[in-house]
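Since the structure comes first, as structure tokens, the remarks are kept for the end.
The values are calculated or read from the model by the stated rules, or taken from the named source; none is laboratory data. Small disclaimer: the values here were computed from a predicted structure and weren't measured. Reconstructed Cβ throughout: ideal geometry from the backbone, glycine too, with neighbour counts over all protein chains shown.
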Amino acid sequence: MQLFWLSLLPCLYVTSLCSAEQGLEFPSFDGKDRVLHINERNYKKALKMFDMLCLLYHEPQPAHKGRQKQLQMTELVLELTAQVLEDKDIGFGMVDSQKDAKVAKKLGLEEEGSLYIFKDDRVIEFDGELSADTLVEFLLDVLEDPVELISNPMELRAFERMEEDIRLIGYFKGEDSYYKAFQEASERFQPYIKFFATFDKATAKHLSLKMNEVNFYEPFMEEPAILPGRQLSEMEIVEFVHQHKRATLRKLRAEDMFETWEDDLDGIHIVAFAEEEDPDGYEFLEILKDVARDNTNNPELSIVWIDPDDFPLLTTYWEKTFKVNLFKPQIGVVNVTDADSVWLDMSNDEDLPTAEELEDWIEDVLSGKVNTEDDDDVKDDYDYDRVDREDRHHGDDHEDHGDYDDHDDSD
Ligand SMILES: *[C@@H]1O[C@H](CO)[C@@H](O)[C@H](O)[C@H]1NC(C)=O
């Protein structure tokens, strides 16, 4: 009987394809509506019914055909996510910012296009790329315990390798200790900031953690910021995280890309493009990390690192908007109001800039000497021949090319 079922099952799933191979099958929408249209009558029930409720707060039904399609596509992303996570007790809903304005206000939904996740008595805002992949991964993270315990050398090594993430780790006596405050604090940042704890003496010793001490690791930093061990309250830990959470070098991630972009430095971002898998990109990143480590105490400085490999759909858009070649590492300043940008000229060197050269350039950016505005009228300072020669396989129009040349400009 069992054998009969085993042989029948595969055919049930792929009647149309009927290939002999099994084991890789992307889910496709099965047509069953799972996403609720939330209104004043059903929102309370929806909140009670599920462990977790995800509400997309969206613009009113647009008149424009293309935008209507876009909204339908977004709803389909939610449908597919709901389908994939069907047995996880997560509810999904849409809230129209006009028709359901009252409910939105009651629930505290503010930003159109954001997804709000209601879990226990918390609300987590998802302000990232609305794709099913990203969303499923994000929601699975939210379902996990907000604190991960480290109790052996293997877990410790994994912790030490997570250099791209903001991580906190605390050393406590056990579950019934000041650990409780740490756990409560962690819930406020889940899943964006990772919280770890250990009750193990050897692990604590390896990390030089004292009892009840909490350490904060900024991305790419070797040395943590230390919150000394004493009776820490939840609010003290929360404060400490807020103080440190804007990293000197932060990687753009699909799950919170819009939030990162909104956290600009007085209207600009210093953006570095580098593919980690590419030798040049890797080298450049190592230099960038050195610069970040040297300047970690500068609160003015935060560099957004974008690995184009993570955002294939955006690569051509960026190349057009910023007029740069993303097959090579680039660093520049972007004005977030109009996406105007200037890029450090690295085209005439065989080698990548040194950490010192990069630091000088960053200093010029922070002091305003390098900015996106100066080249707006006068564009004859630059050697366009060279730029064209370097980028010619790109076939782009370089009319607006605002390359900054550090050799011309150094006094
Ligand atoms: C960014 O661009 C806007 C619009 O062009 C301009 O008004 C603003 O001054 C620029 N900001 C910076 C910091 O350059």
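Does Leu80 fit the bill of being at pLDDT below 95, within 27 Å of the chain's Cα centre (by Cα) and in the same structural domain as Leu130 (by TED's automatic domain parsing)?
In short, no.
Looking at Glu144, Glu184, Glu155, Glu163 in this structure, which one is in contact with a strand residue (DSSP E or B) (Cβ under 9 Å, 6 or more places away or on another chain), closer than 27 Å to Ile124 by Cα and among the charged types (D, E, K, R)?
Matching residue, one of Glu144, Glu184, Glu155, Glu163: Glu163.
May I ask you to list the residues in the range 315-342 that are among the hydrophobic types (A, V, I, L, M, F, W, C), more than 16 Å from the ligand (Cβ to nearest atom) and outside any loop (DSSP other than H, G, I, E, B)?
Of everything in the range 315-342, those that are among the hydrophobic types (A, V, I, L, M, F, W, C), more than 16 Å from the ligand (Cβ to nearest atom) and outside any loop (DSSP other than H, G, I, E, B) turn out to be Trp318, Ile331.
Give me the pairs, please: first residue somewhere in the range 346-370 and assigned by TED's automatic domain parsing to the domain that holds Pro329, second residue anywhere and at pLDDT below 95 and among the acidic types (Asp, Glu), beta-carbon distance under 6 Å, and either six or more positions apart or on two chains.
From the range 346-370, the pairs are Ser347/Glu390; Trp361/Asp406; Leu366/Glu300; Val370/Asp364.
Have a look at Leu366, Leu285 and point out the one that is assigned to a helix (DSSP H, G or I), at pLDDT 95 or above and hydrophobic (A, V, I, L, M, F, W, C).
Leu285
Any idea which residue in the range 248-269 is farthest from Gly332 (Cα to Cα), counting only those that are within 16 Å of the ligand (Cβ to nearest atom) and assigned to a helix (DSSP H, G or I)?
Selected residue: Glu262.
Going through the range 353-378 one residue at a time, which ones are within 16 Å of the ligand (Cβ to nearest atom) and hydroxyl-bearing (Ser, Thr, Tyr)?
Across the range 353-378, the qualifying residues are Ser367, Thr372.
For the range 226-245, state whether one or more residues are outside the structural domain of Val324 (by TED's automatic domain parsing) and among the small types (Gly, Ala, Ser).
yes
For the structure I just gave you, tell me whether Gly93 is exposed (fewer than 15 other Cβ atoms within 10 Å of the Cβ) and farther than 30 Å from Thr203 by Cβ.
Considered against the rule, which asks whether it is exposed (fewer than 15 other Cβ atoms within 10 Å of the Cβ) and farther than 30 Å from Thr203 by Cβ, Gly93 comes out as no.
Only one of Ala181, Ala104 is surrounded by 15 or more Cβ atoms within 10 Å (Cβ to Cβ), in a helix (DSSP H, G or I), in contact with a Leu (Cβ under 6 Å, 6 or more places away or on another chain) and not assigned by TED's automatic domain parsing to the domain that holds Pro312; which?
Just a single option satisfies the conditions, and that option is Ala181.
Which condition breaks for Glu218 when tested against (1) at pLDDT 95 or above; (2) within 30 Å of Lys173 (Cβ to Cβ); (3) out of contact with any Ser or Thr (no Cβ under 7 Å at 6 or more places or on another chain)?
Every condition holds for Glu218 apart from (3).
Could you count how many residues in the range 288-308 are over 15 Å from the mean Cα position of the chain (by Cα), assigned to a helix (DSSP H, G or I) and surrounded by 18 or more Cβ atoms within 10 Å (Cβ to Cβ)?
The qualifying residues number 4.
If you go through the range 86-101, how many residues are part of a loop (DSSP other than H, G, I, E, B) and either more than 20 Å from Pro191 (Cβ to Cβ) or in contact with a helix residue (DSSP H, G or I) (Cβ under 6 Å, 6 or more places away or on another chain) (or both)?
Adding up the residues that qualify gives 4.
Collect the residues in the range 369-382 that are at pLDDT below 90 and in a loop (DSSP other than H, G, I, E, B), keeping them in residue-number order.
Scanning the range 369-382 gives Glu373, Asp377, Val378, Lys379, Asp380, Asp381, Tyr382.
Identify all residues within the range 31-62 that are acidic (Asp, Glu) and either under 14 Å from Ile117 (Cα atoms) or not assigned by TED's automatic domain parsing to the domain that holds Leu78 (or both); write none if there are none.
Asp51
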